[in-house]
Amino acid sequence: MRFSVRFNNDLPAQDYPRLARAAEAAGFSQFWVSDDLFLRGAWPILTACALATERIEIGTCIVNPYTMHPAEIAMQAAALDELSGGRLLLGLGAGAGDFLGWVGLAQERPLARMAETLAVLRQLFAGERVRFDGQELRGWTEEAYLRFPARPIPLYLGAMSPRMQR
């Protein structure tokens, strides 16, 4: 049996490495950190946690393809996975409509946005050139690819609506 622990991203950034070390010492398998808007960003927090630990998996919970483009998600995730020695778990979701509204973003077609984001990320992590022209993600050319090797990073979908859960 495996256990994980999840923290909001509302603590001082320097607290997380200590918490990750404690979770690892206590036998937890995974350490997750939220990426809610206007709090501390999960990417630098998890980078510090990766450098402070040896075996515990680290995860974003969750990043969304509205405030961060899927190409940016891929490069940040692949770099952090490389730095952590292959311990990244990438939690993705459509984001909270209220949070997105704070910055003037509409959560249009979240199911299509998530399906296309997951498809593109899988291709990028597989080292493929991504030619993609979907409903939400349009105009990707064969020059859209990671310029360094990555592994198929585990993708976790955060879903609340019945359609997204299906």
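The values are calculated or read from the model by the stated rules, or taken from the named source; none is laboratory data. All values reported here derive from a predicted model rather than from experimental measurement. Quick reminder, even Gly has a Cβ in these numbers, built from the backbone with ideal geometry, and neighbours come from all protein chains shown. Heavy atoms of the whole protein, side chains included, go into the accessibility calculation; ligands, DNA and RNA do not. Shrake-Rupley method; radii C 1.70, N 1.55, O 1.52, S 1.80 Å.
When the chain is treated as a GNM with alpha-carbon contacts under 10 Å, the residue of ARG138, ARG55, ARG87 showing the greatest mean-square fluctuation is ARG138.
Shown in residue order for segment 62-77 are the 3J(HN,Hα) couplings computed by the Karplus curve 6.51 cos²θ - 1.76 cosθ + 1.60 at θ = phi - 60°: 10, 9, 10, x, 9, 8, 9, 4, x, 5, 5, 4, 4, 6, 5, 5 Hz (x for Gly and Pro). Springs between Cα atoms under 10 Å define the GNM used for the chain, and in it the highest mean-square fluctuation of GLY101, GLY127, GLY85 occurs at GLY101. Anyone know which of PHE38, PHE99, PHE28 comes out most mobile in the 10 Å Cα GNM of the chain? Evaluated over the chain, the most mobile residue of the options is PHE38. Building the convex hull from the alpha-carbon atoms of segment 1-48 and averaging its projection over directions returns 3.1 nm². Projected onto its three principal axes, the C-alpha set of segment 64-147 covers 35, 28, 18 Å, listed from the longest axis down. DSSP beta bridges fully contained in the chain are about 5 percent antiparallel. Its Cα centre serving as origin, segment 56-166 has a Cβ charge dipole (Lys and Arg +1, Asp and Glu -1) of approximately 240 debye.
Both the radius of gyration and Dmax for segment 31-78 are 10.9, 32 Å, in that order, over alpha-carbon atoms.
How many angstrom lie between the C-alpha centres of segment 132-166 and segment 1-80? If you average the Cα positions of each part, the centres end up 20 Å apart. Of the solvent-accessible surface of the chain, computed with a 1.4 Å probe over protein heavy atoms with every protein chain present, carbon and sulfur atoms account for 54 percent.
Counting Lys and Arg as +1 and Asp and Glu as -1 over every other residue whose Cβ lies under 13 Å from the Cβ of ASP35, the net charge comes to -1. Taking N as the residue count of the chain, its C-alpha radius of gyration divided by 2.2 N^0.38 Å amounts to 1.04.
Net charge dipole, segment 1-106: roughly 260 debye, given to the nearest 20, about the Cα centre with Cβ charges of +1 for Lys and Arg and -1 for Asp and Glu.
Accessible surface for the chain, divided over its residues, is 54 Å² per residue with a 1.4 Å probe. Ranking PHE38, GLY134, LEU157 by how far each Cα lies toward the positive end of the dipole of the chain (charges on Cβ) leaves LEU157 at the top.
Shown here is the pair-distance distribution of segment 22-114: with all Cα-Cα distances grouped in 5 Å bins from zero up to the longest one, the shares run 3, 14, 24, 22, 16, 11, 7, 3, 0 percent. Residues in segment 53-61 carry Karplus couplings, in order, of 10, 10, 10, 5, 6, 10, x, 7, 8 Hz; the curve used is 6.51 cos²θ - 1.76 cosθ + 1.60 with θ = phi - 60°, and Gly or Pro positions show x.
From helices alone, the chain scores -11000 deg cm²/dmol at 222 nm; the rule is -39500 (n - 2.57) for each run of n ≥ 4 DSSP H residues, then divide by the residue total. Near ASP133, once Lys and Arg are set to +1 and Asp and Glu to -1 for all other residues with Cβ below 13 Å from its Cβ, the sum equals -1.
Peptide packing: for 1-7, 78-84, the average count of neighbouring Cβ atoms within 10 Å per residue gives the ranking 78-84, 1-7, highest mean first.
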